[in-house]
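Undergrad: The structure under discussion is supplied below as C-alpha cells; questions concerning it will follow.
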Amino acid sequence: MTIEIDRREFAGLAGLAGVAFVSGLGLRTGPAAAAAQDFFFVQISDTHWGFDGKGANPEADTTLPKAIAQVNALSRKPDFIVFTGDLTHTTDDGQVRRKRMAEFKAHAAKLVVKDVRFLPGEHDAAPDRAAAYREFFGTPNYSFDHKGVHFVAIDNVSDPGAAIGAAQLEWLASDLRDRPRDQPVVVLTHRPLFPLYPDWDWTTADGDKAIDILMPHKNVVVFYGHIHQEHHFMTGHIAHHAATSLIFAQPAPGSQPKRTPPVAWDPAAPFKGLGFREVGAKTGTAKLEIAEYPIKA
Amino acid sequence: MKRAIFRDIAVALVGAAATVSATVVAATGDPPPERVVHVLASRFEFTPSTIRVKRGEPVVFAVESIDRLHGFKIPALGVRIQAIPDQETLVRVIPDKAGHMAIVCDVFCGEGHEDMDAELIVEE
C-alpha cells in the first residue's frame, strides 16, 4: 500500500508512522525536551558546494556556512550530523570536483559536533562512480548502530543510472538479516527509494527491491534528499522523509511541466525553502520526532 | 568510424495499469514494417524534442547517443532503454493510451541533466 499525504495529515498519523512533528523554531531546548528524547541527530542535504548561484541562490557561497553556524548554535548538541548527498555541485573536471570536495570538507570541519556522516549524491558520485568521493569521504554505503537504532546508508547514486545494484542489495539484506524485526531502522539515502515522480527522474531504478528488503522490519524510517523540498510519503508502514536543501528549492512534483527552473530566489525572503532538520529518538520506542529548521537570513 | 548497429528489439506491451512485460527478440531478416522514429540523444537534449504517434499503432524508437551514455525512458509507458554512443538501440512500443508523456534521460549526465527531456504525444 502506498499513500501520499501532506504534512498535517502525516502528523495526525504519528502513532502509525512512528514519527511526530514538532515546530522547528528552536523548541528543542530545556530539560523537558531532553527528557523526551534520548538523542537527536541533524540531517543536512543538497549543499551543492560549487554551484555558482545562477539567479537561484545569489548567496550560494554563504548558505552552507550559515547552516553550520546555526547547527553549532543549537542549545542542545546533536549526537551526530549526517549530510544526505549532493555535497558538491557536479562538474566534468575531476580536479575541480576534488577541489570542491576539499572545500566542502573544510566547511564541515567547522561543525562543533565531530561525529559527522556523509553520503554522496549523483552530483558527487555519478560522473566517476564515486572515485573522488571515496578519496574524501570513504565508502558510500555503510551501517552503524547508535543507542539501539540501526542506521543504514544506501548509495543510489554512484551508478549514474540511479540503481543500488545487486551487490549492494545483497549487502543490505545481509546487514539486516539477523537483526530483531522490531529494532528501529533508520535508512539514509540520497534519492527517493520509491517512484516519487519518474517524469522528473525522482526515483531509484531498483528502489523497490530495497523496500522489499526493509519491509519485514516493523520500524523503518527513511531520510533522503535530492528533491530539495520537504516531502512525506508512506510505502506500507515505512515512512520516507525528504529534506530541504541548502542551495535552492525545487517545485513540487508535477507542479510545472519540467523540474526546471528551480523556485526563484525571493529577495524579500532570502533563503526561503532552505534549511536543515533535527530528528529526535527515544530509546525503547520506535517514535521519532522531526523538527525543520529554516536558514535564517 | 565503424558504426555498430545493435539490434535489441524489445517488445513492450503497454497498458493503462503500467505493467509492462518486455521480451528481447533477436533480430532476424528485415526490420519490422512499423514506423521507425530515430532519436538522437546528446547533452542535454533529445532530437527530435517532440514526437507524435498514434494510439494503438506500433512504433519503433531507434535511439542513439552522439556523445555519451544516456537513458531513454518513457515512465508513462514503462519503456526504458539506454542511448549508447555509436550504437542504435531499438524498442518497439504499442501505446494504448493517448496523451502527452515525458521522455526523460535517467542516466545522470552532468549539469543540465535535469533539462534533458522530450515530449511524446500519443494521438487518437
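The values are calculated or read from the model by the stated rules, or taken from the named source; none is laboratory data. Everything numeric in this text was worked out from a predicted model, so none of it was measured. We place every Cβ from the backbone using ideal geometry, glycine too, and count neighbours over all the protein chains shown. Ligands, DNA and RNA are stripped out before the accessible areas are found, and what is left, the full protein with its side chains, is counted by its heavy atoms. Shrake-Rupley method; radii C 1.70, N 1.55, O 1.52, S 1.80 Å.
Undergrad: Exactly which chymotrypsin sites (Phe, Trp or Tyr not before Pro) in segment A:207-288 are in a DSSP loop and have at most 13 other Cβ atoms within 10 Å?
TA: Of the chymotrypsin sites (Phe, Trp or Tyr not before Pro), not one in the loops of segment A:207-288 has a Cβ with at most 13 other Cβ atoms within 10 Å.
Undergrad: For segment A:172-297, what does the relative contact order come out to in percent, with C-alpha contacts under 8 Å and a separation of six or more?
TA: On the way: 228 pairs, mean separation 22.6, N = 126.
The value is 18 percent.
Undergrad: Could you grab the Rg to Rh ratio for chain A? Cα atoms only, Kirkwood for Rh.
TA: Values: Rg = 17.9 Å, Rh = 19.2 Å.
Ratio value, two decimals: 0.93.
Undergrad: Related question: I'd like to know which of A:Ile68, A:Ser143, A:Ala249 lies farthest towards the positive end of the charge dipole of chain A, counting +1 on Cβ of Lys and Arg and -1 on Cβ of Asp and Glu.
TA: A:Ile68
Undergrad: How far is it, in nm, from the label point at A:Lys114 to the one at B:Leu40 when both lie 7 Å from their Cα along the line to the Cβ?
TA: About 5.7 nm separates the two model spin labels.
Undergrad: Determine the relative contact order of chain A: mean sequence separation of Cα pairs under 8 Å and six or more apart, normalised by residue count, in whole percent. It would help to have the intermediate numbers written out before the result.
TA: Working: 658 pairs, mean separation 71.0, N = 297.
After rounding, I find 24 percent.
Undergrad: Right, another one. If I model segment A:150-297 as equal point scatterers sitting on the Cα atoms and use the Debye formula, what is log10 I(q)/I(0) at q = 0.09, 0.11, 0.18 Å⁻¹?
TA: -0.31, -0.46, -1.10
Undergrad: May I ask you to derive the FRET efficiency for B:Gln87 and A:Asp92 from their Cβ-Cβ distance with R0 = 22 Å, giving the value to the nearest 0.05?
TA: Details: r = 22 Å, r/R0 = 1.01.
Between B:Gln87 and A:Asp92 the formula returns 0.50.
Undergrad: Modelling each spin label as a point 7 Å along the Cα-to-Cβ direction, I'd like the A:Glu230/A:Glu135 distance in nm, to one decimal.
TA: So the label points at A:Glu230 and A:Glu135 sit 3.8 nm apart.
Undergrad: May I ask for the distance between the Cα centers of segment B:32-63 and segment A:230-266, given as a whole number of Å?
TA: Each part reduced to its Cα centre gives a spacing of 30 Å.
Undergrad: Averaging sequence separations of C-alpha pairs under 8 Å and six or more residues apart, then dividing by the length of segment A:60-162, give the relative contact order as a whole percent.
TA: Details: 139 pairs, mean separation 27.7, N = 103.
Relative contact order for segment A:60-162 comes out at 27 percent.
Undergrad: Only bridges with both residues in segment A:153-297 count here: give the DSSP antiparallel percent, nearest 5.
TA: Values: 13 of 23 bridges.
Within segment A:153-297, antiparallel bridges account for around 55 percent of the total.
Undergrad: Counting only the backbone N, which residues of segment A:213-241 are under 11 Å from the spot 7 Å out from the Cα of A:Arg177 toward its beta-carbon?
TA: No residue passes the distance filter.
Undergrad: If you add up the charges near A:Met101, with Lys and Arg at +1 and Asp and Glu at -1, over every other residue whose beta carbon is less than 14 angstrom from its beta carbon, what do you get?
TA: Details: positive: A:Arg97, A:Arg98, A:Lys99, A:Arg100, A:Lys105, A:Arg134; negative: A:Asp86, A:Asp93, A:Glu103, A:Asp124, A:Asp128, A:Glu135.
Combined, the nearby Lys, Arg, Asp and Glu give 0.
Undergrad: Could you order A:Val96, A:Val220 so the one with the most accessible surface comes first? Probe is 1.4 Å.
TA: Details: A:Val96 50, A:Val220 5 Å².
Result, largest first: A:Val96, A:Val220.
Undergrad: Taking θ as phi - 60°, what are the ³J(HN,Hα) couplings along segment A:67-74 by the Karplus curve (6.51, -1.76, 1.60), each to the nearest whole Hz, with x for Gly and Pro?
TA: Per-residue couplings from phi come out as 4, 4, 5, 5, 5, 5, 8, 4 Hz.
Undergrad: Residues with beta-carbon under 10 Å from that of A:Ala166, excluding A:Ala166: net charge, scoring Lys, Arg +1 and Asp, Glu -1? The partial results should precede the final answer.
TA: Numbers: positive: A:Lys209; negative: A:Glu170, A:Asp206.
Once positives and negatives cancel, what remains is -1.
Undergrad: Let me know the mean shielding of A:192-199 by other chains, meaning the per-residue number of their Cβ atoms within 10 Å of its Cβ.
TA: Working: counts 0, 0, 0, 1, 0, 2, 9, 9.
Counting other chains' Cβ atoms within 10 Å and averaging over A:192-199 gives 3.
Undergrad: Please list log₁₀ I(q)/I(0) at q = 0.19, 0.32, 0.33 Å⁻¹ for segment A:246-294, using the Debye equation with identical point scatterers on the alpha-carbon positions.
TA: -0.74, -1.13, -1.15
Undergrad: Using a Förster radius of 22 Å, what is the FRET efficiency between A:Ala166 and A:Lys105 based on their Cβ-Cβ separation? Nearest 0.05, please. Before the final figure, lay out each step's value.
TA: Numbers: r = 31 Å, r/R0 = 1.41.
Between A:Ala166 and A:Lys105 the formula returns 0.10.
Undergrad: Now for a separate question. So which lysines can A:Lys287 reach, going by Cα to Cα under 17 Å and dropping same-chain residues fewer than 8 places off?
TA: Straight-distance partners of A:Lys287: A:Lys147, A:Lys218.
Undergrad: Using the heavy atoms of the protein chains and a 1.4 angstrom probe, tell me the accessible area per residue for segment A:36-83 in square angstrom. It would help to have the intermediate numbers written out before the result.
TA: Details: 1480 Å² over 48 residues.
Here the per-residue accessible area is 31 Å².
Undergrad: While we're here: Which whole number gives the average count of other chain Cβ atoms within 10 Å of the Cβ atoms across peptide A:238-250?
TA: Working: counts 0, 0, 0, 0, 0, 0, 0, 0, 0, 0, 0, 0, 1.
Average per residue, whole number: 0.
Undergrad: Here's something else I'd like to know. Strictly over 30 Å apart at the Cα level, which of A:Lys105/A:Lys296; A:Lys99/A:Lys272; A:Lys99/A:Lys209; A:Lys77/A:Lys272; A:Lys209/B:Lys54; A:Lys77/A:Lys258 would you flag in this model?
TA: Working: A:Lys105/A:Lys296 22 Å; A:Lys99/A:Lys272 28 Å; A:Lys99/A:Lys209 35 Å; A:Lys77/A:Lys272 24 Å; A:Lys209/B:Lys54 34 Å; A:Lys77/A:Lys258 39 Å.
In this structure, A:Lys99/A:Lys209; A:Lys209/B:Lys54; A:Lys77/A:Lys258 exceed 30 Å between Cα atoms.
Undergrad: Going 7 Å from the Cα of A:Asp79 in the Cα-to-Cβ direction, what parts of segment A:141-156 have a backbone nitrogen less than 20 Å from that spot?
TA: From segment A:141-156, the list is A:142-154.
Undergrad: If you take every DSSP beta bridge whose two residues both sit in chain A, what share of them, in percent to the nearest 5, is antiparallel?
TA: Numbers: 26 of 52 bridges.
DSSP beta bridges in chain A are roughly 50 percent antiparallel.
Undergrad: Loop only per DSSP, at most 16 neighbouring Cβ atoms within 10 Å: give me the trypsin sites (Lys or Arg not before Pro) in segment A:206-263, ordered by residue number.
TA: A:Lys218, A:Lys258
Undergrad: Each label point is 7 Å from the Cα along the Cα-to-Cβ direction; what then is the distance between the points at A:Phe144 and A:Lys258, in nm?
TA: 4.0
Undergrad: Further question: Straight-line reach only, C-alpha to C-alpha below 16 angstrom: list the aspartates and glutamates that B:Lys97 could link to, leaving out same-chain residues fewer than 8 apart.
TA: By straight Cα distance, B:Lys97 reaches B:Glu57, B:Glu119, B:Glu123, B:Glu124.
Undergrad: Taking the Cα centre as origin and putting +1 on Lys and Arg beta-carbons and -1 on Asp and Glu beta-carbons, what dipole magnitude results for segment A:97-256, to the nearest 20 debye? Kindly include the intermediate steps, with their values, before the conclusion.
TA: Details: 17 positive and 19 negative charges, 126 e Å.
Rounded to the nearest 20 debye, it is 600 debye.
Undergrad: Rank these by accessible area, largest first, 1.4 Å probe: B:Leu40, B:Leu90. The partial results should precede the final answer.
TA: Details: B:Leu40 80, B:Leu90 15 Å².
In descending accessible area the options line up as B:Leu40, B:Leu90.
Undergrad: Near A:Gly85, within a Cβ-to-Cβ distance under 10 Å, what is the net charge of the other residues, with Lys and Arg +1 and Asp and Glu -1? Write out the running numbers ahead of the final one.
TA: Values: positive: A:Arg191; negative: A:Asp46, A:Asp86, A:Glu122, A:Asp124, A:Asp155.
Summing Lys and Arg as +1 and Asp and Glu as -1 gives -4.
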